[in-house]
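Enquirer: To start, I am sharing the structure in question, which I have written as structure tokens.
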Amino acid sequence: MTEYFLGLPLDWWQPIVWGLPFVIWTVAWVVLGLIVGSFLNVVIHRLPRNESVVQPPSHCPNCNQRIPLKDNLPVFSWLWLKGRCRFCATPISPRYLGVEVLTAIIFLVTWLRFGAEQPWVAFALCVLFAGFIAATFIDLEHLIIPDEITLGGTVVGFLLSIAIPALHGAETAAQSLKQSGLGILIGAGVVYAVLRGGKLLFGRQRIPLEGTQRVVFHETGVILPKEEIPYEELFYRASDAIRLQGQRIELADRCYWNQPVELRLAAQPARIRIGAEELPAEGEPYLSVETDRIELPREAMGLGDVKFMAAIGAFLGWQATVFSLFFSAVLGTLVALVLIALGRQKWSGRLGYGPYLAMAALVWAWGGKTWFQAWFGGAAGPF
Ligand SMILES: [Zn+2]
């Protein structure tokens, strides 16, 4: 039966979701995406710097002026101010605009895909995808994904799985809880196995330094000009080595000039080679090297990715983690090939692995899951 309003059929107003027509929610969802994107910009900037994401209110990093509400509207303010601070005209990174637009698009697609039949699933997925966006942009800049996102995301995913069993295609909270728990264990497990077992994509990473800089090795990690990396993220196998061309090398009790330096801290015994001389690492509490080039045995993945995959599993189940592991490698290879074709292959060693995992999991949630279940004759697996 078609209803009419002012002589117009109301059919296109269908379906009704949460008591209102789908189209109204669609608009609301895009606006929500813009607002969330604006908040994610704050998270991306402040979280890796250990600043609060609520206090103080937004201010210009250059002139410190508090940003009035009218200049803080998503997308529109950036366009209106032509990407500059109103007070000091310092350029504001186009990343702010990009994150807001990207969040709105991802929210919109997720809503169109799931909103009509499973609006709460759309909601839960948008929570996950918001985390993906924050993780991706933080990883691109800092090569880490903060625990607030990975461990926090795991807890939130587990709780949402209990509240919204449909997230795992389950009928009851108990089934959904089992799916989420398995997702966490298997997700963390597969990435950890890859970390311990071998290299997936890129074995080492060269860090270019701006001129000659001091790199300090202390008991638990190496301090670079821009970051500190714990040894446990660098050394897995006896062959893993940090190499530097040292201009001035200081140990606790002596000093060398212009020698290559190599550290193998997972070797038995752990050792340091300076020029032709080899020392046990055991007796050296301190090593400082002035250098303009350092090469790290960094894996494509790190411990942050173990926790990140746990969060993906908590939301999407264990099948998603296995898919994401393999599909992210495919995506990583494609990106590496494109970078090589563009003559930019050195970039590939500087990309974190988190963004690929996020992209792969997004593909799974949007469509991959359905395709897979169709291919395997509707069987979702042994669980
Ligand atoms: Zn300013």
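The values are calculated or read from the model by the stated rules, or taken from the named source; none is laboratory data. What you see is a predicted model, and the numbers here were worked out from it, not measured in a lab. Here Cβ is always computed from backbone atoms with ideal geometry, including for glycine, and neighbour counts include all displayed protein chains.
Enquirer: Of the residues 214, 204, which is under 24 Å from residue 270 (Cβ atoms) and at pLDDT 80 or above?
Expert: Exactly one of 214, 204 is under 24 Å from residue 270 (Cβ atoms) and at pLDDT 80 or above, namely 214.
Yes/no matrix, rows are residues, columns are (1) touching a helix residue (DSSP H, G or I) at 6+ places or on another chain (Cβ under 6 Å); (2) more than 18 Å from residue 165 (Cβ to Cβ); (3) hydroxyl-bearing (Ser, Thr, Tyr):
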{"residue": "96", "(1), (2), (3)": "yes, yes, yes"}
{"residue": "105", "(1), (2), (3)": "no, yes, no"}
{"residue": "114", "(1), (2), (3)": "yes, no, no"}
{"residue": "117", "(1), (2), (3)": "no, no, no"}
{"residue": "121", "(1), (2), (3)": "yes, no, no"}
{"residue": "138", "(1), (2), (3)": "yes, yes, no"}
{"residue": "141", "(1), (2), (3)": "no, yes, no"}
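Enquirer: From the list 21, 68, 61, exactly one residue is of a type outside the set (D, E, K, R) and either at positive phi or away from the ligand (no atom under 14 Å from the Cβ) (or both). Which is it?
Expert: None of the other options fit; the residue is 21.
Enquirer: Would you confirm whether or not the range 34-54 contains a residue that is within 23 Å of residue 104 (Cβ to Cβ), at pLDDT below 90 and among the charged types (D, E, K, R)?
Expert: No, there is no match, as no residue in the range 34-54 is within 23 Å of residue 104 (Cβ to Cβ), at pLDDT below 90 and among the charged types (D, E, K, R).
Enquirer: To continue, here is another question. How about the range 251-277: which of its residues are under 22 Å from residue 234 (Cβ atoms), surrounded by 15 or more Cβ atoms within 10 Å (Cβ to Cβ) and of a type outside the set (D, E, K, R)?
Expert: 251, 259, 261, 263, 265, 266, 267, 270, 272, 274
Enquirer: Give the range 72-97 a look and list any residue that's within 20 Å of residue 135 (Cα to Cα) and surrounded by fewer than 16 Cβ atoms within 10 Å (Cβ to Cβ), or say none.
Expert: 93, 94, 95
Enquirer: So which residues in the range 31-68 are touching a Ser or Thr at 6+ places or on another chain (Cβ under 9 Å) and either charged (D, E, K, R) or loosely packed, with under 12 Cβ neighbours inside 10 Å (or both)?
Expert: 46, 61, 66
Enquirer: Please tell me if residue 86 is without any contact (Cβ under 8 Å) to a residue 12 or more places away in the chain, within 16 Å of the ligand (Cβ to nearest atom), assigned by TED's automatic domain parsing to the domain that holds residue 25 and out of contact with any Lys or Arg (no Cβ under 8 Å at 6 or more places or on another chain).
Expert: no
Enquirer: Can I ask one more? Looking for something in a loop (DSSP other than H, G, I, E, B), surrounded by 15 or more Cβ atoms within 10 Å (Cβ to Cβ) and over 20 Å from the mean Cα position of the chain (by Cα) - is there at least one such residue anywhere in the range 139-148?
Expert: Taking every residue of the range 139-148 in turn, none turns out to be in a loop (DSSP other than H, G, I, E, B), surrounded by 15 or more Cβ atoms within 10 Å (Cβ to Cβ) and over 20 Å from the mean Cα position of the chain (by Cα).
Enquirer: Step by step: first the residues of the range 225-244, then only those that are more than 10 Å from residue 264 (Cβ to Cβ) and hydroxyl-bearing (Ser, Thr, Tyr), then the one that is surrounded by the fewest Cβ atoms within 10 Å (Cβ to Cβ). Which residue is that?
Expert: Looking at residues that are more than 10 Å from residue 264 (Cβ to Cβ) and hydroxyl-bearing (Ser, Thr, Tyr), I get 236.
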